Amino acid sequence: MKPIVEYQDYHAFMSDYYEERKRTSAFSWREFAKIAGFTSPTYLKLVCEGKSNLSKVTMGRVARAMGLVGHEETYFEAMVQFGNARKDDQKKKYLEQMQSMALSHKVRVVDKDAFEYYETWKNPVVRELAPMMPGAMPGEIAKMCTQEVSALEVRKSLQFLERTGFLKQTTENVYEQTEKSVEGSKEGLPLAIRAMHREMGNLAIDSLDRFTANERNVTGVTMGVNREAYEKIVEELDACRKKIVAIASECKDISQVYRLNLQLFPLSRDLKEVKEA
(Lines give C-alpha, C1' and ligand atoms only; values in the text may rest on other atoms or scores of the structure.)
Protein backbone atom coordinates (compact mmCIF):
# COMPACT_ATOMS: atom_id res chain seq x y z
CA MET A 1 0.00 0.00 0.00
CA LYS A 2 0.99 3.65 -0.33
CA PRO A 3 3.14 5.32 2.35
CA ILE A 4 0.99 6.80 5.11
CA VAL A 5 2.09 10.36 4.26
CA GLU A 6 0.28 10.06 0.92
CA TYR A 7 -3.04 9.74 2.79
CA GLN A 8 -5.15 12.52 4.27
CA ASP A 9 -8.21 10.43 5.20
CA TYR A 10 -7.53 8.06 8.07
CA HIS A 11 -10.63 6.00 7.23
CA ALA A 12 -9.14 5.27 3.79
CA PHE A 13 -5.72 4.49 5.27
CA MET A 14 -7.16 2.03 7.79
CA SER A 15 -9.29 0.40 5.10
CA ASP A 16 -6.27 -0.07 2.82
CA TYR A 17 -4.25 -1.42 5.76
CA TYR A 18 -6.96 -3.98 6.52
CA GLU A 19 -7.27 -5.07 2.89
CA GLU A 20 -3.49 -5.44 2.60
CA ARG A 21 -3.31 -7.55 5.79
CA LYS A 22 -6.26 -9.68 4.67
CA ARG A 23 -4.67 -10.20 1.26
CA THR A 24 -1.48 -11.56 2.78
CA SER A 25 -2.88 -13.44 5.80
CA ALA A 26 -6.03 -14.74 7.50
CA PHE A 27 -6.68 -11.33 9.04
CA SER A 28 -10.19 -10.50 10.28
CA TRP A 29 -12.07 -7.56 11.77
CA ARG A 30 -12.30 -9.50 15.04
CA GLU A 31 -8.53 -9.94 15.17
CA PHE A 32 -7.93 -6.30 14.24
CA ALA A 33 -10.26 -5.15 17.04
CA LYS A 34 -8.68 -7.54 19.54
CA ILE A 35 -5.14 -6.29 18.80
CA ALA A 36 -6.33 -2.70 19.28
CA GLY A 37 -8.09 -3.57 22.53
CA PHE A 38 -11.74 -3.20 21.45
CA THR A 39 -14.46 -5.58 22.60
CA SER A 40 -16.71 -4.95 19.58
CA PRO A 41 -15.51 -7.01 16.58
CA THR A 42 -17.19 -4.64 14.11
CA TYR A 43 -16.13 -1.24 15.52
CA LEU A 44 -13.05 -0.84 13.33
CA LYS A 45 -15.02 -2.02 10.30
CA LEU A 46 -17.46 0.85 10.91
CA VAL A 47 -14.54 3.26 11.24
CA CYS A 48 -13.03 2.09 7.96
CA GLU A 49 -16.40 2.56 6.27
CA GLY A 50 -16.61 6.12 7.61
CA LYS A 51 -19.64 5.30 9.76
CA SER A 52 -17.76 5.92 13.01
CA ASN A 53 -14.70 7.89 14.10
CA LEU A 54 -11.68 7.28 16.26
CA SER A 55 -11.10 9.55 19.25
CA LYS A 56 -8.00 11.08 20.82
CA VAL A 57 -8.13 8.22 23.32
CA THR A 58 -8.40 5.40 20.77
CA MET A 59 -6.24 6.69 17.91
CA GLY A 60 -2.99 5.77 19.64
CA ARG A 61 -4.19 2.21 20.30
CA VAL A 62 -5.15 1.78 16.65
CA ALA A 63 -1.85 3.26 15.46
CA ARG A 64 0.12 0.78 17.55
CA ALA A 65 -2.16 -2.09 16.45
CA MET A 66 -1.19 -1.26 12.85
CA GLY A 67 2.48 -1.24 13.80
CA LEU A 68 2.97 2.49 13.27
CA VAL A 69 5.98 4.02 15.01
CA GLY A 70 7.85 7.32 14.91
CA HIS A 71 6.69 9.81 12.31
CA GLU A 72 4.08 7.34 11.00
CA GLU A 73 2.28 7.25 14.37
CA THR A 74 2.53 11.05 14.70
CA TYR A 75 1.18 11.49 11.16
CA PHE A 76 -1.70 9.09 11.81
CA GLU A 77 -2.74 10.94 14.96
CA ALA A 78 -2.62 14.30 13.12
CA MET A 79 -4.69 12.73 10.33
CA VAL A 80 -7.33 11.54 12.81
CA GLN A 81 -7.57 14.97 14.41
CA PHE A 82 -7.75 16.61 10.97
CA GLY A 83 -10.57 14.29 9.94
CA ASN A 84 -12.50 14.83 13.18
CA ALA A 85 -12.03 18.62 13.44
CA ARG A 86 -15.13 20.71 12.84
CA LYS A 87 -13.63 24.21 12.74
CA ASP A 88 -11.58 25.32 9.75
CA ASP A 89 -8.76 26.77 11.86
CA GLN A 90 -8.32 23.42 13.58
CA LYS A 91 -8.48 21.48 10.31
CA LYS A 92 -5.85 23.80 8.82
CA LYS A 93 -3.60 23.35 11.86
CA TYR A 94 -3.55 19.56 11.58
CA LEU A 95 -3.32 19.58 7.77
CA GLU A 96 -0.26 21.82 7.98
CA GLN A 97 1.29 19.36 10.44
CA MET A 98 0.64 16.55 7.97
CA GLN A 99 2.07 18.57 5.09
CA SER A 100 5.21 19.35 7.06
CA MET A 101 5.80 15.67 7.83
CA ALA A 102 5.02 14.64 4.26
CA LEU A 103 7.45 17.17 2.80
CA SER A 104 10.19 16.13 5.24
CA HIS A 105 9.80 12.58 3.94
CA LYS A 106 10.06 13.64 0.28
CA VAL A 107 6.36 13.47 -0.59
CA ARG A 108 5.00 16.39 -2.62
CA VAL A 109 1.78 17.72 -1.16
CA VAL A 110 -0.27 19.63 -3.73
CA ASP A 111 -2.49 21.10 -1.00
CA LYS A 112 0.36 23.34 0.14
CA ASP A 113 0.16 25.32 -3.12
CA ALA A 114 -3.64 25.31 -2.99
CA PHE A 115 -3.62 26.78 0.51
CA GLU A 116 -1.11 29.46 -0.43
CA TYR A 117 -3.06 30.37 -3.57
CA TYR A 118 -6.37 30.72 -1.73
CA GLU A 119 -4.88 32.11 1.48
CA THR A 120 -5.29 35.71 0.33
CA TRP A 121 -7.24 37.70 -2.26
CA LYS A 122 -3.91 39.03 -3.56
CA ASN A 123 -2.95 35.93 -5.57
CA PRO A 124 -6.09 35.70 -7.76
CA VAL A 125 -6.11 39.49 -8.27
CA VAL A 126 -2.42 39.71 -9.15
CA ARG A 127 -2.85 36.76 -11.50
CA GLU A 128 -5.47 38.77 -13.38
CA LEU A 129 -3.78 42.18 -13.18
CA ALA A 130 -0.18 41.29 -14.12
CA PRO A 131 -0.96 40.15 -17.71
CA MET A 132 -3.09 43.31 -18.17
CA MET A 133 -0.11 45.52 -17.29
CA PRO A 134 2.89 44.36 -19.38
CA GLY A 135 6.14 45.82 -18.09
CA ALA A 136 4.58 47.10 -14.85
CA MET A 137 6.62 47.00 -11.66
CA PRO A 138 5.10 45.42 -8.49
CA GLY A 139 4.49 48.89 -7.05
CA GLU A 140 2.46 49.90 -10.08
CA ILE A 141 0.34 46.76 -9.81
CA ALA A 142 -0.15 47.45 -6.10
CA LYS A 143 -1.50 50.94 -6.85
CA MET A 144 -4.13 49.43 -9.17
CA CYS A 145 -5.62 47.27 -6.40
CA THR A 146 -8.63 48.71 -4.59
CA GLN A 147 -7.50 46.97 -1.40
CA GLU A 148 -4.35 48.06 0.39
CA VAL A 149 -1.33 46.01 -0.68
CA SER A 150 2.39 46.77 -0.77
CA ALA A 151 4.83 46.39 -3.64
CA LEU A 152 6.64 43.70 -1.61
CA GLU A 153 3.42 41.70 -1.22
CA VAL A 154 2.77 41.92 -4.96
CA ARG A 155 6.34 40.83 -5.70
CA LYS A 156 5.95 37.81 -3.40
CA SER A 157 2.64 36.97 -5.07
CA LEU A 158 4.22 37.17 -8.53
CA GLN A 159 7.07 34.91 -7.42
CA PHE A 160 4.61 32.37 -6.01
CA LEU A 161 2.37 32.45 -9.10
CA GLU A 162 5.37 31.97 -11.39
CA ARG A 163 6.92 29.23 -9.24
CA THR A 164 3.68 27.23 -9.13
CA GLY A 165 2.91 27.75 -12.81
CA PHE A 166 -0.11 30.03 -12.55
CA LEU A 167 1.76 32.78 -14.42
CA LYS A 168 4.53 32.60 -16.99
CA GLN A 169 7.00 35.45 -17.42
CA THR A 170 7.71 35.86 -21.14
CA THR A 171 10.05 38.87 -20.85
CA GLU A 172 11.02 41.11 -17.94
CA ASN A 173 7.87 42.08 -15.99
CA VAL A 174 5.66 40.74 -18.79
CA TYR A 175 3.39 37.88 -17.74
CA GLU A 176 0.80 35.65 -19.32
CA GLN A 177 -1.64 33.30 -17.66
CA THR A 178 -1.26 29.55 -18.02
CA GLU A 179 -4.10 27.04 -18.18
CA LYS A 180 -3.00 25.57 -14.87
CA SER A 181 -5.79 25.04 -12.33
CA VAL A 182 -5.41 24.74 -8.56
CA GLU A 183 -5.11 21.11 -7.53
CA GLY A 184 -5.53 19.55 -4.13
CA SER A 185 -6.94 16.60 -2.26
CA LYS A 186 -10.68 16.20 -1.69
CA GLU A 187 -9.99 16.84 2.01
CA GLY A 188 -7.69 19.84 1.75
CA LEU A 189 -8.95 21.81 -1.24
CA PRO A 190 -12.47 22.58 0.11
CA LEU A 191 -10.85 23.89 3.30
CA ALA A 192 -8.60 26.21 1.27
CA ILE A 193 -11.51 27.40 -0.88
CA ARG A 194 -13.64 28.12 2.20
CA ALA A 195 -10.84 30.38 3.47
CA MET A 196 -10.97 32.31 0.19
CA HIS A 197 -14.79 32.54 0.26
CA ARG A 198 -14.56 33.90 3.79
CA GLU A 199 -12.04 36.58 2.81
CA MET A 200 -13.91 37.54 -0.37
CA GLY A 201 -17.14 37.73 1.63
CA ASN A 202 -15.53 40.29 3.92
CA LEU A 203 -14.40 42.30 0.90
CA ALA A 204 -17.97 42.19 -0.44
CA ILE A 205 -19.23 43.74 2.81
CA ASP A 206 -16.53 46.38 2.59
CA SER A 207 -17.57 47.21 -1.00
CA LEU A 208 -20.98 48.46 0.22
CA ASP A 209 -19.33 51.57 1.65
CA ARG A 210 -16.27 51.87 -0.58
CA PHE A 211 -17.94 51.96 -4.00
CA THR A 212 -20.90 53.76 -5.50
CA ALA A 213 -23.96 51.86 -6.74
CA ASN A 214 -22.86 52.16 -10.37
CA GLU A 215 -19.52 50.47 -9.52
CA ARG A 216 -20.90 47.45 -7.71
CA ASN A 217 -24.05 45.36 -7.82
CA VAL A 218 -25.28 43.91 -4.53
CA THR A 219 -28.76 42.40 -4.37
CA GLY A 220 -30.50 39.77 -2.31
CA VAL A 221 -33.81 38.06 -1.61
CA THR A 222 -35.12 36.17 1.42
CA MET A 223 -37.49 33.34 0.48
CA GLY A 224 -39.08 30.13 1.66
CA VAL A 225 -38.25 26.93 -0.28
CA ASN A 226 -38.21 23.15 0.04
CA ARG A 227 -35.35 20.81 -0.94
CA GLU A 228 -36.58 20.36 -4.51
CA ALA A 229 -36.77 24.12 -5.06
CA TYR A 230 -33.33 24.55 -3.48
CA GLU A 231 -31.79 22.07 -5.93
CA LYS A 232 -33.41 23.86 -8.88
CA ILE A 233 -32.09 27.23 -7.65
CA VAL A 234 -28.58 25.78 -7.32
CA GLU A 235 -28.78 24.52 -10.91
CA GLU A 236 -29.81 27.98 -12.09
CA LEU A 237 -26.97 29.59 -10.15
CA ASP A 238 -24.46 27.13 -11.66
CA ALA A 239 -25.77 27.85 -15.16
CA CYS A 240 -25.65 31.59 -14.51
CA ARG A 241 -22.09 31.40 -13.19
CA LYS A 242 -20.94 29.44 -16.25
CA LYS A 243 -22.60 31.95 -18.57
CA ILE A 244 -20.89 34.85 -16.76
CA VAL A 245 -17.52 33.10 -17.01
CA ALA A 246 -18.12 32.64 -20.74
CA ILE A 247 -18.89 36.36 -21.13
CA ALA A 248 -15.68 37.25 -19.28
CA SER A 249 -13.68 34.77 -21.37
CA GLU A 250 -14.87 36.45 -24.57
CA CYS A 251 -13.81 39.88 -23.31
CA LYS A 252 -10.75 41.05 -25.27
CA ASP A 253 -9.97 44.57 -24.06
CA ILE A 254 -9.79 43.83 -20.32
CA SER A 255 -9.37 46.91 -18.13
CA GLN A 256 -10.43 45.91 -14.60
CA VAL A 257 -10.61 42.95 -12.20
CA TYR A 258 -13.96 42.14 -10.53
CA ARG A 259 -15.04 39.48 -8.04
CA LEU A 260 -18.46 37.80 -8.22
CA ASN A 261 -19.81 36.09 -5.09
CA LEU A 262 -22.86 33.83 -5.44
CA GLN A 263 -24.30 33.12 -2.02
CA LEU A 264 -27.29 30.99 -1.09
CA PHE A 265 -27.52 29.90 2.53
CA PRO A 266 -30.16 28.93 5.12
CA LEU A 267 -31.55 31.43 7.60
CA SER A 268 -33.64 28.82 9.46
CA ARG A 269 -33.63 25.14 10.30
CA ASP A 270 -35.64 22.67 8.20
CA LEU A 271 -39.14 22.38 9.69
CA LYS A 272 -39.54 18.78 8.48
CA GLU A 273 -36.29 17.71 10.11
CA VAL A 274 -37.27 19.39 13.37
CA LYS A 275 -40.67 17.64 13.41
CA GLU A 276 -39.07 14.25 12.67
CA ALA A 277 -36.41 14.66 15.35
Euclidean distance of C-alpha centroids, the stretch 19-41 and the stretch 203-277, integer Å: 49 Å
Measure off, as a whole percent, the carbon and sulfur share of the 1.4 Å-probe accessible area of the chain, all protein chains present. 52 percent
Filtered hits (lysines, Cα-Cα < 26 Å from Lys272, offset >= 8 within chain) -> Lys51, Lys232
What FRET efficiency do you get for Lys232 and Val69 if R0 is 41 Å and r is their Cβ-Cβ distance, rounded to the nearest 0.05? 0.20
Hey, what number do you get for the chain at 222 nm if only DSSP H runs of n ≥ 4 count, each worth -39500 (n - 2.57), divided across all residues, to the nearest 500? -18500 deg cm²/dmol
Give me the accessible area per residue for the chain, probe 1.4 Å, as a whole number in Å². 65 Å²
For Lys22, go through the aspartates and glutamates and keep the ones whose alpha-carbon is under 12 Å away, minus same-chain ones fewer than eight residues off. Glu31
Sort 236-243, 111-118 by packing, meaning the average of other beta carbons within 10 Å per residue, with the highest value first. 111-118, 236-243
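The values are calculated or read from the model by the stated rules, or taken from the named source; none is laboratory data. Keep in mind it's a predicted model, so treat the numbers as computed, not measured. Here the Cβ is made from the backbone with ideal geometry for all residues, glycine too, and neighbour counts use every protein chain on show. Quick note on the areas: whole protein, heavy atoms, side chains included, nothing else; ligands and nucleic acids left out. Shrake-Rupley method; radii C 1.70, N 1.55, O 1.52, S 1.80 Å.
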